[in-house]
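The values are calculated or read from the model by the stated rules, or taken from the named source; none is laboratory data. Not measured: the values here are computed from a predicted model. Because the Cβ atoms are built from the backbone with ideal geometry, glycine has one as well, and the counts that use them run over all protein chains shown. Surface areas here come from the heavy atoms of the whole protein model, side chains and all, with no ligands, DNA or RNA. Shrake-Rupley method; radii C 1.70, N 1.55, O 1.52, S 1.80 Å.
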Amino acid sequence: LRKGEEGPALDAFCRLRGRWPGLVLCLVPRHLERVGRCHRAARRRGLEAVDWSRLPGKTAPVVVVDEIGPLFDLYGTARVAFVGGSLAPKGGQNLMEPAAWGCPVVYGPHTENFEDARAALDAAGGGMEVRDAGTLAAAVDRLLADPGRRDEMGRRARAALEGLAAGAAERQADVLLRALGPA
């Protein structure tokens, strides 16, 4: 998450908790100095939060990842993934990391740094755009309520990644051959 995105993520989570009481939200701030801000934002909403580094000794409905590195593996445990840097005009983060796990990918409108990935997800039906806390909560609720749809969207996300990866070696070889010039 980038600055300003923890609020909408937490607001969406608050809307979902009544219907999904076992739901856990993992907040992964892009910069570790924002861990405290995530905790304060959770407290303002009446939510208990625990640092990732304190698990499994302590549990809470909100987990704030306070280490670099676990995000990719966390996507493997997620039922739905919201990829940050996309609600705030920051250009997004890597949309294909959750897709690698077959996880449905939800993102905001600002994915300029990952347009190829977004186009692939959109074309395959593996991704979904949201605009704010309300549309984020609605999207997650729909996917949690319909496991068949959620699983299919996850399969489509994975297929989008595989489609992008399939041509990557050829594209890189073409770039190298053009750079080297005629042999």
Checklist outcome for this item: Any helix of the chain counts here only if DSSP assigns it H throughout, its Cα atoms span 30 Å or more along the axis, and its mean Kyte-Doolittle hydropathy is at least 1.0, and such helices are none
Checklist outcome for this item: Between T135 and R79, the two model label points (7 Å from Cα along the beta-carbon direction) sit apart by a distance in nm of 2.3
Item to check | Span from the region 81-133 Cα centroid across to the region 36-53 one, whole angstrom | outcome: 24
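Give me the 1.4 Å probe accessible area per residue for the chain, excluding ligands and nucleic acids, in Å².
Working: 9650 Å² over 183 residues.
Using a 1.4 Å probe on heavy atoms only, each residue of the chain averages 53 Å².
Which trypsin sites (Lys or Arg not before Pro) in region 1-40 sit in a loop by DSSP (not H, G, I, E or B) and have at most 12 other Cβ atoms within 10 Å of their own Cβ? Don't skip to the end; give the middle numbers.
On the way: sites: R2, K3, R15, R17, R19, R30, R34, R37, R40; in loops: R2, K3, R19, R30.
Qualifying residues, ordered by number: R19.
Would you mind telling me the share, in percent, of accessible area of the chain contributed by carbon and sulfur at probe 1.4 angstrom? Walk me through the numbers before you get to the answer.
Values: 5080 of 9650 Å².
Carbon and sulfur together cover 53 percent of it.
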Checklist outcome for this item: FRET efficiency (E67, N94; Cβ distance; R0 22 Å; to 0.05) is 0.80
Item to check | Exposure rank, largest accessible area first [T77, T135; 1.4 Å] | outcome: T77, T135
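Sort 111-121, 4-14 by the packing proxy (mean of other Cβ within 10 Å over each peptide's residues), most packed first.
Details: 111-121: 18.9, 4-14: 20.8.
Packing order, densest peptide first, comes out as 4-14, 111-121.
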Checklist outcome for this item: Between L177 and E162, the two model label points (7 Å from Cα along the beta-carbon direction) sit apart by a distance in nm of 2.6
Checklist entry - According to the Cα gyration tensor, what semi-axes, each the square root of 5 times an eigenvalue, does the equivalent ellipsoid of the chain have, listed from largest to smallest in whole Å? => result 31, 19, 15
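Using helices alone, what [θ] at 222 nm do you get for the chain, with -39,500 (n - 2.57) per DSSP H run of 4 or more residues, divided over all residues and rounded to the nearest 500?
On the way: 8 runs with 88 residues, N = 183.
After summing the helix terms and dividing by the residues of the chain, the value is -14500 deg cm²/dmol.
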